[in-house]
Amino acid sequence: MWEWFMANGVWILLAVVAGFVLFFIFRHWAFRWMQKLFPEQWQGQLEGTRRALTWVIIGIGAVILALAVAAVVISRQGVDVTPALDKVGGWLLEHGVPILIIIGLAYLFYMIVKALAPPMLERMVRSRGRGRRARSEHAKRAQTLSSVVIQGAAIFIAIVALFMILSEVGLDITPLLAGAGVAGIALGFAAQSFVKDLIGGFLIIFENQFDVGDVIKVADVMGSVEEVNLRRTQIRDLDGVLHIIPNGEIRVASNYTMMWSRVHLNVSVAYKEDLDRVMAVIRRVWEETADDPVWGSQLTSKSPWILRVNEFGDSGIVIKVVGETKPMVQWEVMGELRRRIKRAFDKEGIEIPWPHVKLYMGDKPADGGLICPACSGANPPGSQFCVHCGAKLTPGPAPKPTPPKEERGKPTMGGFGDG
């Protein structure tokens, strides 16, 4: 036995090494294909599939290893394995080569789609662009369409290649196709919300409601769009929270950055101010901002196209200022305009109003009058009953003064108190 093992052990060891090498190569390429066929955002959801595929590969590797060892043992025993090898070789030549060709062509088609889809879609978007859509808008639209087209093409190519391989192996795919049609109808009824999400995503992309990078508000969530596909939309808000919204839940989509944006300010000034002077100062600040080399490129309105008295407020007069900017910069422009307007108002002595509070200290009785012990009201001299609440007044030591209480009074002209 030992002599036999020493004579054949080298070949068995080589068979084991070859089996392990084939196993690791197959495992590596299988995982690479998974990463290429499925989008990155799906990788976290494929852990179960990855583990199942690992066990399948382990089984295949064990079979290959067992066959290799068996072939070595049988050949060293003097058994002629040439007919079996001829059959295996014939099958590989007849079916294995076409299967490799199918896999290679599928990979080639996927790489072609991945390489050609982005520039072609961007060229198409630019040729059909209208109005004042900027180059950045075209790029966002093309990026959104490219991701959807590449994902759809990858799934379609993988399904077609799988059916062709099954047909090449010798399986009749006609029942599979018929079963897939019936299963698709059943799944359509069972997964109505999923189908609804897909239809909603198709309409969002087809109608160009929003693209990746836009600031939108959907389903009471406002933020920047990080990803759009047929099933869901991912939005990250100002706090950094990522919201994943199924497209079927989107009823109304408010896009804050489509083609152009708007500055909308309400500026309050005191009632005593000259409104013509105030509006002239605001207009001058806007025009100076438009002439600024940094901020001027963000403003498309060189002068506010709405500047009017909008409201008589509780403590001041509200002036509305509206103009247009490039997309995505309206919030920065509004902050800069507020800063410049405040600085100009301080320089010109224009008052910005604020609410005031009036302190009520209570009434002081006249000489000889009495303070009512019930309501602490002051009464004229000689009164026997309180003129405020009707309680009987009895002469005696004066009650302790009531502490002052706060009472919100009406605003006065100019925002000043009554003195």
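No lab work stands behind these numbers, since they all come straight from the coordinates. Note that the structure is a prediction, hence the values are computed from the model and not measured. All Cβ positions, even for glycine, are placed from backbone atoms using ideal geometry, and neighbour counts span all protein chains on display.
For segment 235-393, the equivalent ellipsoid derived from the alpha-carbon gyration tensor has semi-axes of 54, 26, 12 Å in decreasing order. Normalised size of segment 265-358, defined as Cα radius of gyration per 2.2 N^0.38 Å with N residues, equals 1.10.
Rounded to the nearest 0.05, what FRET efficiency is calculated for Leu171 and Ile245 with R0 set to 30 Å and r the Cβ-Cβ distance? Mind dumping the intermediate values first?
Working: r = 41 Å, r/R0 = 1.36.
FRET efficiency, Leu171 to Ile245: 0.15.
Ranking of Tyr110, Tyr271 by neighbouring Cβ atoms within 10 Å, starting from the fewest: Tyr271, Tyr110. Residues Asp276, Asp237, ranked from the fewest to the most other C-beta atoms within 10 Å, line up as Asp276, Asp237. Residue pairs exceeding 28 angstrom between C-alpha atoms, taken from Lys302/Lys342; Lys114/Lys326; Lys272/Lys326; Lys217/Lys326; Lys217/Lys347: Lys114/Lys326; Lys272/Lys326; Lys217/Lys347. A cut-off of 5 Å between modelled amide H atoms, ignoring neighbours fewer than 5 places along the same chain, links His243 with Ile235, Arg236, Asp237. Two decimals is fine: what is log10 I(q)/I(0) at q = 0.16, 0.28 Å⁻¹ for segment 251-315, from a Debye sum with one equal scatterer on every Cα and no solvent? Once normalised to I(0) and log-transformed, intensities are -0.70, -1.27. Here Thr233, Thr300, Thr257 are placed in order of increasing Cβ neighbour count within 10 Å, fewest first, which gives Thr300, Thr257, Thr233. Here segment 244-288 is treated as an ellipsoid with the same Cα gyration tensor; its semi-axes, largest first and in whole Å, are 40, 14, 6.
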